[in-house]
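The values are calculated or read from the model by the stated rules, or taken from the named source; none is laboratory data. It should be emphasised that the depicted structure is a prediction, and the values quoted were computed from it without experimental measurement. We place every Cβ from the backbone using ideal geometry, glycine too, and count neighbours over all the protein chains shown. Side chains are part of the model used for accessible areas, which takes the heavy atoms of the whole protein and leaves out ligands, DNA and RNA. Shrake-Rupley method; radii C 1.70, N 1.55, O 1.52, S 1.80 Å.
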Amino acid sequence: MGNTQPWRTLPKDNQKTLDFLKSYKPHNKEADHLRILLLGPVGAGKSSFINSVDSVLQGRVTGRALTDTNSAASFTRKYKTYKFVKNDQSYCSFVCNDIMGMEEKAGGVRVEDIKLALRGHVKEGYKFIPEQPLKDEDLGYNSCPSLNDSVHVLITVIKVGLVSLLSKNTVDKLRDVRLTASEMGIPQLAVLTHADEACPTVNKNTMNIYKSKYLKKQVEKFSQLLGLPVNCIFLVKNYSSEIKTDDATDAHILCALKQMIDFGEDFLNHLND
């Protein structure tokens with residue numbers, strides 16, 4: 001059940017946040033864009049979140065990042081960068097990278113390959129080979145990455161209903177990547193998806209996301225599992241069954257996205273400190 005008072009407030013003006021995101025440019029002159037890497041288990045909703053971000057920015061439901069609701073294995077195989085078109089047909093100054101999902105046993109993306117991606121060593125379009133880590137002599141290896149190639153914000157994406165079911169193995173892998181990102185100074189946040197499927201009150205009304213006691217407990221649990229502060233974990237409902245965007249769903253996606261941009265901008269600004 002939802003409380004009457006939300007435990008987190010959302011920005012009141014979606015348009016103001018949209019304007020900020022579309023006009024954003026990194027102050028660091030070495031960076032043409034800010035790169036956000038999405039990481040998580042198979043079926044976490046990474047590709048759907050990218051589609052949802054695109055939908056919010058375009059004001060209509062889009063489906064550029066292909067998803068497969070029936071696949072038990074990762075549908076994303078290649079390292080792919082998604083740019084987002086602004087109203088004037090130019091691109092926003094931030095990009096999202098989708099990566100192959102982590103799998104419980106063999107078959108998913110290797111932790112070593114994720115760490116290489118953080119440093120910018122994975123070339124666009126590289127097809128991950130679960131049985132074989134990317135090596136410096138491989139065609140998909142970028143031996144001289146620039147600041148534009150490296151990751152500036154790391155986002156862990158998890159289905160909120162699966163937080164309690166995460167295995168120790170998966171949590172250990174996520175924490176391993178987080179440790180490397182921390183050593184590099186890369187800011188980290190998390191997005192818990194499918195909030196509407198996990199809570200009946202949210203299913204009725206998306207504005208109940210931050211009123212739900214159950215969802216708050218899942219956020220706190222995930223915070224303890226991964227060691228991320230609660231204020232770095234965001235709840236969203238991805239666009240999946242809808243054919244039109246709506247303000248409530250947009251608000252939660254925009255709230256998470258603005259924080260990613262703010263954290264990434266801080267990281268770029270303080271690289272030379």
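List of remarks:
- Among the residues of the stretch 21-44, those identified as in a helix (DSSP H, G or I) and surrounded by 15 or more Cβ atoms within 10 Å (Cβ to Cβ) are L21, K22.
- The one condition in (1) touching a strand residue (DSSP E or B) at 6+ places or on another chain (Cβ under 6 Å); (2) outside any helix (DSSP H, G or I); (3) of a type outside the set (S, T, N, Q); (4) open to solvent by 10 Å² or more (accessible area, probe 1.4 Å) that F263 fails to fulfil: (2)
- Pick from the stretch 134-143, criterion assigned to a loop (DSSP other than H, G, I, E, B) and out of contact with any Gly (no Cβ under 9 Å at 6 or more places or on another chain), ranking: nearest to E124 (Cα to Cα): L139
- Scanning the stretch 136-158 for residues that are modelled with pLDDT under 95 and either of a type in the set (F, W, Y) or farther than 30 Å from K29 by Cα (or both) yields E137, D138.
- With respect to (1) open to solvent by 60 Å² or more (accessible area, probe 1.4 Å); (2) part of a strand (DSSP E or B), the lone exception for I158 is condition (1).
For every residue, the table says whether it meets (1) over 20 Å from the mean Cα position of the chain (by Cα); (2) open to solvent by 20 Å² or more (accessible area, probe 1.4 Å).
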| site | (1), (2) |
| --- | --- |
| G185 | no, yes |
| A195 | no, no |
| A198 | no, yes |
| K204 | yes, yes |
| K211 | yes, yes |
| K216 | no, yes |
| F222 | no, no |
| V230 | no, yes |
| V236 | no, no |
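- In the stretch 45-59, the residues that are open to solvent by 10 Å² or more (accessible area, probe 1.4 Å), in a helix (DSSP H, G or I) and either of a type in the set (S, T, N, Q) or farther than 15 Å from F234 by Cα (or both): S47, S48, N51, Q58
- Residues of the stretch 95-138 classified as among the β-branched types (V, I, T) and crowded, with 21+ Cβ neighbours inside 10 Å, total: 4
- Filtered by the rule that a residue be hydrophobic (A, V, I, L, M, F, W, C) and within 19 Å of N148 (Cβ to Cβ), the stretch 86-133 gives C92, F94, V95, C96, I99, I114, L116, A117, L118, V122.
- Sub-8 Å Cβ pairs linking a first residue in the stretch 20-31 that is farther than 24 Å from N272 by Cβ to a second residue that is loosely packed, with under 13 Cβ neighbours inside 10 Å, at least 6 apart or interchain, are K22/N87, ordered by first then second residue.
- Residue match in the stretch 178-195 (condition: in contact (Cβ under 8 Å) with a residue 60 or more places away in the chain, in a helix (DSSP H, G or I) and touching a Ser or Thr at 6+ places or on another chain (Cβ under 8 Å)): no
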